[in-house]
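The values are calculated or read from the model by the stated rules, or taken from the named source; none is laboratory data. From a predicted model like this one, the values you see are computed outputs, not experimental measurements. In this analysis, Cβ positions are derived from the backbone assuming ideal geometry, glycine residues included, and neighbour counts consider all displayed protein chains.
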Amino acid sequence: MNEFALLYPPDIRFGWGCRESLAEMLSGLDVEPSKKTLFVCSESACASGLVEPLLHVCGSTASDVFTGVPHDPALEIVDAIVDQCRELDAKVVVAIGGGSVIDAAKAAAVLAPLEGTTADYFHGRRAITGAGLPLIALPTTAGTGAEITKNSVLSDHATGVKKSLRSPHMVPCAALVDPQLTVSMPSALTAASGLDALTQAVESFLSLKANSVSRALARQAVPLLMEFLPRAFLDGSDQAARTAVAEGSLLSAMAFSQSGLGAVHGLAHPIGLDLDLPHGLVCAVLLPHVLHWNASVCGPALDTLALEVALPDGAAFVARVETLCGELGISANFAGTALKGSIDHIVANCRSGSMAANPRPMSDEDVRNMLERLA
C-alpha cells in the first residue's frame, strides 16, 4: 500500500531575488520593531555582502547576528546560539548559510524556550515538547535541503557521535530559496553540495521508504542536477545553471525529507566526523560505490532514472554518476586520510535510519569491506 504523510514549511518560495520577500515574511510574523530578530549567518555570507541588506529589513536596532558555525556543528555551538537568542529576547530566527548554519539555527530556535542543554535533547534525556521560535531559512548553498526538513545534523565531539536531532517542530516556518545567493560559492563547494543534492535525490528514489510523491520529486531533481551541475561548476555566474541546480536541490530535499535516504548518508555521518571532512564531499566520494552495491537489487529503479537523463539503462546511469564525480574533481576514494584507523568506529556508528532504508542490506562485514577498499 502507498501510504504517506507529507510535512513541509507552510511557505516555500523559489526564484532569483526571492530573498527580498523576507520583509514581508517578518511583517507577517508580527515581529516588533525592536531587538527581536537573531540572524544566524555563515562568515562567508557576511563577507560577501549578502547579509547587510537583509539586516536593514529589520532596521538598525531590530536585529543581532551570530556567526562562526563550522561544518559538523557541535552541540556547544547550538548552546551559544540559544544563549544569544535569550539575551536578545529574540522572537524570530533568520538563518542565512549552508546546511550546517541552518541546522544549528533550527536546533537553537526550537530549544531556546526550553530548559536544559542541547546535549540533553541530542542524547534523549529531554524531549522537544512544542514549537520554538519561528525560523526563516535562506540557503546559500544548493545541496543540503536543510531549509525544509525537520532534522538538524549535529555532532557531539566528546562522544564521537554525529546524528540528527529530529522534531516536526523544527520545520522552518518559511524557506526562501534564492539561487542568486549561491553565485559566490567556489567551484569545489558547488561540486560537493550539488553532488550531495544528487545523492539525496537518488537515495530518496531508491529508498525502501519511498512513496509516489517522493519518487516524483526525485525524478524531477536528478536530470536538473546531472545536466546543470557541471555548468555551475565551470561558471558560477551562469544564472540558468545556478537556478536549475538550486531547484534540483530543493526538489531533492522535498523528496528525501518524506522518504529517508540510504547507505551513503548512513556512512557519511561517521566518516565526516572522524575525518573532519565536509558532508557533501564525503557523500560524493561514496555515491558511486554505494550505487554499485545497490545495483543488483534495484535495477528497474535505476533504469527509470537512466531514462530521465537519456541513458539506455541503470548500468549506464551508475557509470555516468561515477564519471560526473570525476569531472567535478571528486576523488574516487579516501586515500591519504585516516580512514583505515577509523573503520571500527564507523562500523559501530553507522546504524542509522538511512542504513535501514537502503535497498540492499549491508552487514558490518559488508561495511568494513567497502571502507577497506576506500581507505
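A few remarks follow.
- If the condition is being loosely packed, with under 13 Cβ neighbours inside 10 Å, in contact (Cβ under 8 Å) with a residue 12 or more places away in the chain and in a loop (DSSP other than H, G, I, E, B), then region 330-345 contributes ALA332, ALA335, ALA338.
- Positions within region 249-282 being in a loop (DSSP other than H, G, I, E, B), surrounded by 24 or more Cβ atoms within 10 Å (Cβ to Cβ) and aliphatic (A, V, I, L, M), in sequence order: LEU261
- No other residue among ASP103, ASP79, ASP156 is more than 15 Å from VAL40 (Cα to Cα), in contact with a Leu (Cβ under 9 Å, 6 or more places away or on another chain) and not assigned by TED's automatic domain parsing to the domain that holds GLN239 apart from ASP156.
- Residue, surrounded by the fewest Cβ atoms within 10 Å (Cβ to Cβ), within region 111-158, restricted to residues that are charged (D, E, K, R) and not in a loop (DSSP other than H, G, I, E, B): ASP120
- The conditions of being in contact with a helix residue (DSSP H, G or I) (Cβ under 7 Å, 6 or more places away or on another chain) and crowded, with 24+ Cβ neighbours inside 10 Å are not met by THR243.
- Test set (1) surrounded by 20 or more Cβ atoms within 10 Å (Cβ to Cβ); (2) touching a Leu at 6+ places or on another chain (Cβ under 9 Å); (3) of a type outside the set (Lys, Arg) - LEU88 fails condition number: (1)
- Those residues of region 346-368 which are assigned to a helix (DSSP H, G or I) and more than 15 Å from GLY262 (Cβ to Cβ), in sequence order: ILE346, VAL347, ALA348, ASP364, GLU365, ARG368
- Of all residues assigned to region 190-206, at least one qualifies as being of a type outside the set (Asp, Glu), assigned by TED's automatic domain parsing to the domain that holds PHE317, more than 17 Å from the chain's Cα centre (by Cα) and over 26 Å from VAL94 (Cα atoms).
- Residue pairs whose Cβ atoms lie under 7 Å apart, separated by 6 or more positions or on different chains, with the first residue in region 242-271 and at positive phi and the second of a type in the set (Gly, Ala, Ser) and not in a helix (DSSP H, G or I), are GLY260/SER207.
- Members of region 200-240 found to be over 18 Å from GLY262 (Cα atoms) and charged (D, E, K, R), listed by number: GLU227, ARG231, ASP235, ASP238
- In region 284-322, the residues that are among the β-branched types (Val, Ile, Thr) and assigned to a loop (DSSP other than H, G, I, E, B): VAL297, VAL309
- Scanning region 7-29 for residues that are aliphatic (A, V, I, L, M) and more than 19 Å from the chain's Cα centre (by Cα) turns up LEU22, ALA23, MET25, LEU26, LEU29.
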